[in-house]
Structure formats: C-alpha cells, structure tokens
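I have placed the structure first, in the form of structure tokens, so that the comments after it can refer back to it.
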Amino acid sequence: MNHPTVRATTGARAVAAMLIMGISGATMMVIMPGVFGTLTANSAMAPDSIAWLAFGEMTGITAATLAVSFKTRSLDHRKIAMLALVILALADAVSAQLGSLMPLVVTRLIAGLAEGVLIATMGSLIARTAQPDRLFALYMACNLGASTILLAVLGVLVKANQGRGIFYVLILITGVGAAMLAWLPRAQESGVDHVPPEPPIPSERGAGSSGSLVAQGVGLVGTLVLFVGLGASWPQVGEIGGVLQLSPQAVPFAMSVATFMGIVSGLLAALCGARFGRRVPVIGGTLMLALSMILVAGAGSRTSFTVAVSAFMFAYIFIVPYYTGIMARLDRHGRMAAFSMAMQFLGMALGPLASTLIIGHGLRLIFWVAAGLCIPSLGLILAAEARGRDVRGDSRPAVGELADGGQIRW
C-alpha cells in the first residue's frame, strides 16, 4: 500500500476498502468445503448436498460477476457494494438457521450473487489503478490469509458443536466492509473514471491503452482454458493422497503448507508487480504450474506429494494476478478485469464437470490433461498481451491524470 505509485494515485485507505470488498466476496469460496461439510454433518441431507450447495453459490458468483462487468462504467460502486453487503449478511444469517437442502441452495445462490457483485466491484476498481498486478496479488495473499484464519475458527466452532456460527463470523467481515465503504472511490460522474488508469511501464512504452476486441476475446478464452484445467485438477488433489494411501494427517498437512506457499507467492507477486513486465512472470509461472501438475500426478510419497501440492499452489497464486493484469491493461475502464474474474469462476465451475469425462481413465490423467491445457492458455494470453501492445491511438494518461485531464476525487 505504501508503494509510491499506489500511494500517490490511489491512497492506502482506498486500496484497503477495495481489498475488503474482494475478501468479503471471495473468502467463502476457499472455506466452502469446510462450511458445507459442517452444514450437512448433522442433518438428513443426501451425500450430494455439498455439490448442489457449491453449484448454487458458484453459479450466483459467476452470473453476478458477468452482469456487473457489462455495467461497470455506469454503476455507483458505493451504492451497489452497500446493497451487496446487506444481501450477503442476510443470506449468511438465514443460512445459519436453515436445515433443508433446497432452501439452502436458493439462499446460497442469493449469497453468491452478492459475492459476485463485490468481487467484480473490486476487480473493476483495481483494474483502473496504477499497479493492478500488484494489488490483485496483494488481494489474493490477503484472501488466503483471511481464509486460513476462518478455517481455524471453524475448527474451534465445530469442536464446540457450534459450526453454523461461522456464518456470523462472515457477517462480521461484511460489517467491516460496510464501515470502509466511504473509502471507496466516488461514483463516476459524466462517465469519467475517478480511479486513474495504469501508466505505461518501462518495458511497454508506446503500448495502446485498450486492446482490440480480438485481443480481449483471445485473453478471455486463454483465462477460461487455464481455469478449466485448474477446476478439473485442484479438487482432485486430496484423492491423489488417497491413492498414495497417505495417513489421515498427511493431506491436511500438505494443504496447510500449500496455503502458506500461496500467501508467500501472492506477496511476492505484489512485491514484483510489473517492474519486470508481464511476459516473464506469466511464462515462468504458467510453465511452473504445468510442471507442478505433472509432479502431483507422479507423486509417490508424502514428501513428494507435499512438495508438488505446494508448488501447485505457489504457481497458481503467482500467475493469476498477471493474467488479470494483462486483461486490465486491455481496457482502462475495468470491464476486462471483471470479465477475466468471471471467466476464472466459470472455469472453476466447468472444470469438475470436465474431469468426470476423464476420471474413468485414471485419476492421474486429469493432472496430465490440466498440465497440457496450460500451454494453449499461455499462448492465448501472450497473444492478447502482444495484440494489446500493437493497438495504436487512445494512449494512456499519465499517473494522476484522468482521461479528460480532470482531478482525482475520493
């Protein structure tokens, strides 16, 4: 937050408000298995209840993120965020009381819609700052850290037979978000963005401010392909541990190490930002992700499994801010960054469905296929980045200026 370009053009308080909006919307995705497992543990719900609950919430998140992406230039971000926070708090409160499946699915669908609005709002605002890659990475690190704390809290609540109380903890987070709404940038007036767009970085001088529709479409497809692979492989990591016949403590230990590495990775990406450009981190990170998937498929012991899963999470968290940053650079109004996040959620939702077509041929094959998907995804996102460089006209304003030369107001 104290990096000069962030402090001078955005302000630490505005950044903090953006981050808490995203965390309010995205934390549930990380802790979802534990929370839904708690809901179904002492109820008469069928074994497939968790899948239905997850489907409802992810569908809501994807739909709302896409909807907000189309209207990000005309929305009053403070008002829509306030509405989403209220709806999310009410949905969480209701979820803590419900005990039957279908009302819970509908409630989590509504919660997902509110979460998607918050995530898209954060994404569109961060996309218009001077350092989108840096802030997206910081957001991912903070979200993992918050999720780790919430999982620990959930464990304590479950031991006390108060597992549903986690929803009231989530409501506290939305309350913090509501208290910080005044720090969000003001709504657009006359179509002028009040969050300054990103300036050219040394390695990209002369690049156009917004890529062509072709570049945007190619980048979105590349993002979707990557996350279909991630959605197909990551949920199966625990099953690989089962195939290896690891002890009951081995898989949770590996996941805890992986989460720590994910936080380190996010902070590293936040530190680096775009100072080395985007191509080098994207190429290195995506190839590392593909290699880590192959290592997971070939793991033969607890140690190799832990190393492979940790490398998987490290690479995953490291490259996502750069993929989103490339899309943010293709559209100064933040729409493409929001669309990119929507494609990420869509891919994570489609991935498990795609894995059902492969799992009959062996669990490890899923990871090999996911590793293979990294290559076309890398080619597509690099093509989008190169195409964005070639677009001429409509150059980016300098740091601290708006498109019409106006002043930044908060």
For ILE375 and VAL214 in one chain, what is 0.36 nm times their gap in residues minus the Cα-Cα distance, to one decimal in nm? 56.0 nm
Put in order of increasing Cβ neighbours within 10 Å, starting from the fewest, ILE375, ILE87 give ILE375, ILE87
Can you pull the one-decimal nm distance between simple spin-label points at LEU363 and MET102, each 7 Å off the Cα toward Cβ? 3.5
³J(HN,Hα) across the stretch 306-321 via Karplus (A = 6.51, B = -1.76, C = 1.60, θ = phi - 60°), whole Hz, x for Gly/Pro? 4, 4, 5, 5, 5, 5, 4, 5, 4, 5, 4, 5, 5, 7, 4, x
Computed over the Cα atoms, what is the radius of gyration of the stretch 217-288 divided by 2.2 N^0.38 Å, N being its residue count? 1.40
What are the ³J(HN,Hα) couplings of the stretch 122-130, residue after residue, when phi is run through the Karplus curve with 6.51, -1.76, 1.60 and θ = phi - 60°? Round to Hz, x for glycine and proline. 4, x, 5, 6, 4, 4, 9, 8, 6
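Based on the Cβ-Cβ distance of GLU239 and LEU287, what FRET efficiency does E = 1/(1 + (r/R0)^6) give at R0 = 25 Å, to the nearest 0.05? Display every interim value, and only then the final one.
Values: r = 25 Å, r/R0 = 0.99.
In this case the efficiency is close to 0.50.
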May I ask you to sort ARG128, ARG329 by Cβ crowding, counting other Cβ atoms within 10 Å and putting the fewest first? ARG128, ARG329
Please arrange ASP76, ASP92, ASP331 by how many other C-beta atoms lie within 10 Å of their C-beta, fewest to most. ASP76, ASP92, ASP331
Can you tell me the FRET efficiency between THR356 and LEU181 if r is taken as the Cβ-Cβ distance and R0 is 30 Å, rounded to the nearest 0.05? 0.10
Taking the reciprocal of mean 1/r across every pair of different Cα atoms in the stretch 4-183, the Kirkwood radius in Å is 16.6
Could you run the Debye sum over the Cα atoms of the stretch 202-390, one equal point scatterer each and no solvent, and tell me log10 of I(q)/I(0) at q = 0.10, 0.13, 0.14, 0.17 Å⁻¹, two decimals? -0.40, -0.66, -0.75, -1.04
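Coordinate-derived values only; no laboratory data. The structure presented is a predicted model; accordingly, all values stated were derived computationally and were not measured. Methodologically, a virtual Cβ is constructed for each residue, glycine included, from the backbone with ideal geometry; neighbour enumeration extends over all protein chains shown.
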